[in-house]
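Take a look at the structure set out below.
The values are calculated or read from the model by the stated rules, or taken from the named source; none is laboratory data. Model, not experiment: these values are computed from the prediction. Glycine also receives a Cβ, built like all others from the backbone with ideal geometry; neighbour counts cover every protein chain displayed.
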Amino acid sequence: MKNLSLVLLLTLWALASCQKVAYGTYTSDGDVVEDVYRADSTDSKKTLIITHLDLNNKRVEGTFHVSFLIKEPRINAANPRKVTFSGGRFWAVIRD
């Protein structure tokens, strides 16, 4: 799986409970959409934790856990029913 950008991470947690966040798989050379995953609203471990906030140096750090469920019927039977990003870490520069 590719790394998620901070924007996607923050959007994911802001919208995860309303099922409007999606994750997709791609095939060929990366330009053909396969399956779509929606945020798993039943995932009780879903978290975004800010572990360090440095306003002087404009940097934020944290950890995350999130799961997605595939939208059936699947395009590619090899794709898993559930995808989980567990033990994730991120950092970002805070822009003005």
Test: residue in the stretch 61-69 that is at pLDDT below 90 and part of a loop (DSSP other than H, G, I, E, B): no
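Go through the residues of the stretch 14-32 one by one and say whether even a single one is surrounded by 15 or more Cβ atoms within 10 Å (Cβ to Cβ), modelled with pLDDT of 85 or more and in a strand (DSSP E or B).
Taking the stretch 14-32 as the starting set, the residues that turn out to be surrounded by 15 or more Cβ atoms within 10 Å (Cβ to Cβ) are 16, 21, 23, 25.
Checking the rest, the ones that are also modelled with pLDDT of 85 or more come to none.
Within the stretch 14-32, not a single residue is surrounded by 15 or more Cβ atoms within 10 Å (Cβ to Cβ), modelled with pLDDT of 85 or more and in a strand (DSSP E or B).
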Selection from the stretch 33-51 of residues that are assigned to a loop (DSSP other than H, G, I, E, B), under 12 Å from L69 (Cα atoms) and of a type in the set (D, E, K, R): D40, D43
